[in-house]
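Here's the structure, in structure tokens; my notes come after.
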Amino acid sequence: QVQLVESGGGLVQPEESLRLSCAASGSVFSSYHMNWFRQAPGKQRELVASISTSGTTNYADSEKGRFTISRDNAKNTVYLQMNSLKPEDTAVYYCNAVMWPKNYWGQGTQVTVSS
């Protein structure tokens, strides 16, 4: 069992930055592939970024160059650094831990980008 708790969301202006954190507890964090998803009102949940157990990262095309995912296995935490934020980045951001067939979700943190 893995518990995931996101933090770091908030209200920012366009072009500002935020760093989201996801703290994991309850199991061997380093064995999990970690993802950040987001869901905007009226839209489907979409994958933003992922990081493998070996540290390999992948990003959605619209986030490449602006977002950076990282993990600190010693702290059982995964991060999402978001720069040059746009109003269309407004969404609830969810942390996801996967070690097939196990799949865990956090409760989400709201990010609002508005002037």
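Out of the residues in segment 69-102 that are at pLDDT below 95 and assigned to a strand (DSSP E or B), state the one that is least open to solvent (accessible area, probe 1.4 Å).
Per the criteria, the residue is MET99.
Can ARG38 be described as within 11 Å of the chain's Cα centre (by Cα) and open to solvent by less than 60 Å² (accessible area, probe 1.4 Å)? First the steps, then the outcome.
Details: within 11 Å of the chain's Cα centre (by Cα): yes; open to solvent by less than 60 Å² (accessible area, probe 1.4 Å): yes.
Answer is yes for this residue.
Specify which of the listed residues (LEU11, LEU4, LEU47) is among the aliphatic types (A, V, I, L, M), farther than 22 Å from ASN73 by Cα and part of a strand (DSSP E or B).
On the way: LEU4 fails: farther than 22 Å from ASN73 by Cα; LEU47 fails: farther than 22 Å from ASN73 by Cα.
LEU11 is the lone residue from the list that is among the aliphatic types (A, V, I, L, M), farther than 22 Å from ASN73 by Cα and part of a strand (DSSP E or B).
Assess whether THR77 counts as being under 21 Å from GLU16 (Cβ atoms) and not aromatic (Phe, Trp, Tyr). Write out each step before concluding.
Numbers: under 21 Å from GLU16 (Cβ atoms): no; not aromatic (Phe, Trp, Tyr): yes.
Spelling it out, it is not the case that THR77 is under 21 Å from GLU16 (Cβ atoms) and not aromatic (Phe, Trp, Tyr).
Out of SER31, SER7, SER17, which single residue is more than 18 Å from TYR94 (Cβ to Cβ) and at pLDDT 95 or above? Don't jump to the end; show me each part of the working.
Numbers: SER31 fails: at pLDDT 95 or above; SER7 fails: more than 18 Å from TYR94 (Cβ to Cβ).
Just a single option satisfies the conditions, and that option is SER17.
Of everything in segment 14-35 that's assigned to a loop (DSSP other than H, G, I, E, B) and either closer than 18 Å to LEU80 by Cβ or in contact with a Pro (Cβ under 9 Å, 6 or more places away or on another chain) (or both), which residue is least open to solvent (accessible area, probe 1.4 Å)?
From segment 14-35, those assigned to a loop (DSSP other than H, G, I, E, B) are 14-17, 26-28, 32; that's our starting set.
Adding the requirement that they be either closer than 18 Å to LEU80 by Cβ or in contact with a Pro (Cβ under 9 Å, 6 or more places away or on another chain) (or both) leaves 14-17, 32.
Details: PRO14: 50, GLU15: 124, GLU16: 80, SER17: 60, TYR32: 4 Å².
The extreme case among them is TYR32.
Quick one: count up the residues across segment 52-68 that are open to solvent by 40 Å² or more (accessible area, probe 1.4 Å), small (Gly, Ala, Ser) and in a loop (DSSP other than H, G, I, E, B). Show your work before the answer.
Looking only at segment 52-68, we keep the residues that are open to solvent by 40 Å² or more (accessible area, probe 1.4 Å), and these are 53-54, 56-59, 61-62, 64-65, 68.
Adding the requirement that they be small (Gly, Ala, Ser) leaves 54, 62, 65.
Keeping just the survivors that are in a loop (DSSP other than H, G, I, E, B) gives 54, 65.
Residues in segment 52-68 being open to solvent by 40 Å² or more (accessible area, probe 1.4 Å), small (Gly, Ala, Ser) and in a loop (DSSP other than H, G, I, E, B): 2 in total.
Six or more apart or on different chains, Cβ under 8 Å: which pairs go from a residue in segment 10-26 that's without any contact (Cβ under 8 Å) to a residue 40 or more places away in the chain to one that's assigned to a strand (DSSP E or B) and open to solvent by 30 Å² or more (accessible area, probe 1.4 Å)? Could you list them?
Filtered contacts from segment 10-26: GLY26/GLN3.
The values are calculated or read from the model by the stated rules, or taken from the named source; none is laboratory data. Being a predicted model, the structure only gives us computed values, none of them experimental. Counting neighbours? That spans all protein chains shown, and the Cβs are built from the backbone with ideal geometry, glycine included. Just the protein is used for accessible areas: all its heavy atoms, side chains included, with ligands, DNA and RNA removed. Shrake-Rupley method; radii C 1.70, N 1.55, O 1.52, S 1.80 Å.
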